[in-house]
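Report on the structure given below.
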Amino acid sequence: MAQIDAFFKLMNDQGASDLHLAAGKQPVLRVKGELERVKYKALDNDTLRSMLYEITPEHKIKIFEETGDVDFAYEIANLARYRANFFKQKDGVGAVFREIPDKILTCEDLGLPPVIRQLATLPRGLVLVTGPTGSGKSTTLAAIINEANKTRKDHIITVEDPIEFVHVSKNAVINHREVGIHTRSFAAALRGALREDPDIILVGEMRDLETIGLAIEASLTGHLVFSTLHTSSAAKTIDRVIEVFPSDQQAQVRSTLADGIRGVVCQSLFRRRDQREDTMGRIAALEILIATPAVRNLIRENKIFQIPSTIQTGKKYGMQSLDDAIMEHLVKKRISAEEAYAKCNDKSKFLPFLKNPPADFTEA
């Protein structure tokens, strides 16, 4: 048993999502979205480095020493998997570990709208799950892939850095590939995947122009492609994809994206007030855009600014705005008015719910 495993056991016992370790500081856990210091001494650099290197593959240590950053996955049998990121900082080394539960939660477990399950049934196209870091994108994608795994007799390839949720093949056949171990890059894995008879491809993150271009291409050649971006709304997601490309290519990209896109799910995570134990104290609010012919036409004609109003009028297709999802949670007393106000788009809708409305200097 590695020395650091005691912290992972504590993390699991406390229901924490993340563990923060940094030279010169006490260990810190993120519990229900808030950081809490562990009653433990501050870790000096040599002790922490030794603790971290005990669980790190040799080739990852070499990368870390050369670059100052590295990602990998660490697993403790019968406990959980962890996504690890090491970095160098002023006082020495640092690391953050995100717990990836052994059990993959279903769409029902997560309370996701029925249309999210339907995304797993699509024959082809591009589906993007977006939101800030730590908003539960990987958990939502895992639930969708799990649904496809149960219901489809298809070949599913996942490409991640590192591998997070591990799916056991059910009706589908699933192959997991990790960037840096099984393939050189997301782009290289995508190029290879097109020759590996896939039906569904999960790309952990669309990080660069080449990967985005290949993902769109794959969605147009009969594959169902899932991926993530760090964007805060459906409209901004479409803009981000297009703006990655040089200006002289954007008209063509708008056309191909309009043909390939099938849906955008943008989510934000909130602390629960109703204290349900099965959700680790968190709940997601989702903005959902379904690529109807009208939506595709807006993308093709560069009228992205009209997407929010299209979402409002597209409820019969399963669309919903982020503010509507937040309002539903607030009215049902699942989340606090203060957090709803902080994370919503139209602050005026949520002001009446606040006991002490703030003076928002950003609106001055």
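The values are calculated or read from the model by the stated rules, or taken from the named source; none is laboratory data. Keep in mind that this is a model prediction, so the values were computed, not measured. Note: ideal-geometry Cβ built from the backbone for every residue, glycine included; neighbour counts use all protein chains shown.
Mind checking which residues of region 1-24 are in contact with a Gly (Cβ under 9 Å, 6 or more places away or on another chain), surrounded by fewer than 16 Cβ atoms within 10 Å (Cβ to Cβ) and at pLDDT 95 or above?
At the first step, the residues of region 1-24 found to be in contact with a Gly (Cβ under 9 Å, 6 or more places away or on another chain) are 15, 17-18, 20-24.
Still in the running and surrounded by fewer than 16 Cβ atoms within 10 Å (Cβ to Cβ): 15, 24.
Correct list: G24 only.
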Identity of the residue in region 80-96, crowded, with 18+ Cβ neighbours inside 10 Å and of a type in the set (F, W, Y), that ends up modelled with the highest pLDDT: F86
Condition broken by R191, with the remaining ones in (1) over 19 Å from V127 (Cα atoms); (2) surrounded by fewer than 20 Cβ atoms within 10 Å (Cβ to Cβ); (3) without any contact (Cβ under 8 Å) to a residue 40 or more places away in the chain satisfied: (1)
Index of the failed condition, T151 passing every other in (1) crowded, with 19+ Cβ neighbours inside 10 Å; (2) farther than 30 Å from D239 by Cβ; (3) of a type in the set (V, I, T): (1)
Residue within region 116-130 that is crowded, with 17+ Cβ neighbours inside 10 Å, assigned by TED's automatic domain parsing to the domain that holds V225, modelled with pLDDT of 95 or more and among the hydroxyl-bearing types (S, T, Y) present: yes
Enumeration of residues in region 280-313 that are outside any helix (DSSP H, G or I), of a type outside the set (A, V, I, L, M) and under 17 Å from M327 (Cβ atoms): E287
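Is region 161-175 home to any residue that is part of a loop (DSSP other than H, G, I, E, B), in the same structural domain as I212 (by TED's automatic domain parsing) and among the aromatic types (F, W, Y)? Can you show your working first?
So in region 161-175, the residues part of a loop (DSSP other than H, G, I, E, B) come out as 161-172.
Subsequent filtering for residues that are in the same structural domain as I212 (by TED's automatic domain parsing) retains 161-172.
From what's left, among the aromatic types (F, W, Y): 165.
Yes, that holds for at least one residue.
Here is a list: E108, E66. Which entry is closer than 30 Å to I326 by Cα and charged (D, E, K, R)?
On the way: E66 fails: closer than 30 Å to I326 by Cα.
Criteria check complete, one pass: E108.
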Filtered residue count, region 230-268, keeping only those that are closer than 30 Å to R117 by Cβ and assigned to a helix (DSSP H, G or I): 17
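Taking region 176-211, which residues are among the hydroxyl-bearing types (S, T, Y) and part of a loop (DSSP other than H, G, I, E, B)?
Initially, region 176-211 is screened for residues among the hydroxyl-bearing types (S, T, Y), giving 183, 185, 211.
Residue satisfying the conditions is S185 alone.
The rows are residues; the columns are (1) under 20 Å from the mean Cα position of the chain (by Cα); (2) surrounded by 15 or more Cβ atoms within 10 Å (Cβ to Cβ); (3) within 25 Å of G314 (Cβ to Cβ); (4) in contact (Cβ under 8 Å) with a residue 60 or more places away in the chain.
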| position | (1), (2), (3), (4) |
| --- | --- |
| R195 | no, no, no, no |
| D199 | no, yes, no, no |
| D208 | yes, no, no, no |
| T211 | yes, yes, no, no |
| A215 | yes, yes, yes, yes |
| T231 | yes, yes, yes, yes |
| R240 | yes, yes, yes, no |
| F245 | no, yes, no, no |
| Q249 | no, no, no, no |
Inter-residue pairs, beta-carbon under 9 Å, first closer than 12 Å to H329 by Cβ and in region 340-353, second surrounded by fewer than 16 Cβ atoms within 10 Å (Cβ to Cβ) and of a type in the set (F, W, Y), 6+ apart: A340/F353
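Assess whether A77 counts as being surrounded by fewer than 14 Cβ atoms within 10 Å (Cβ to Cβ), under 16 Å from D5 (Cα atoms) and out of contact with any Asp or Glu (no Cβ under 7 Å at 6 or more places or on another chain). It would help to see each step written out before you state the result.
On the way: surrounded by fewer than 14 Cβ atoms within 10 Å (Cβ to Cβ): yes; under 16 Å from D5 (Cα atoms): yes; out of contact with any Asp or Glu (no Cβ under 7 Å at 6 or more places or on another chain): yes.
Spelling it out, A77 is indeed surrounded by fewer than 14 Cβ atoms within 10 Å (Cβ to Cβ), under 16 Å from D5 (Cα atoms) and out of contact with any Asp or Glu (no Cβ under 7 Å at 6 or more places or on another chain).
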Checklist (1) part of a loop (DSSP other than H, G, I, E, B); (2) outside the structural domain of L286 (by TED's automatic domain parsing); (3) of a type in the set (A, V, I, L, M, F, W, C) applied to I61, failing item: (1)
Qualifying residue in region 289-299 (condition: in the same structural domain as A235 (by TED's automatic domain parsing), within 22 Å of G136 (Cα to Cα) and not basic (K, R)): yes
Residues satisfying the stated conditions in region 33-58, i.e. crowded, with 17+ Cβ neighbours inside 10 Å and in a loop (DSSP other than H, G, I, E, B): V38, L43, I55, T56
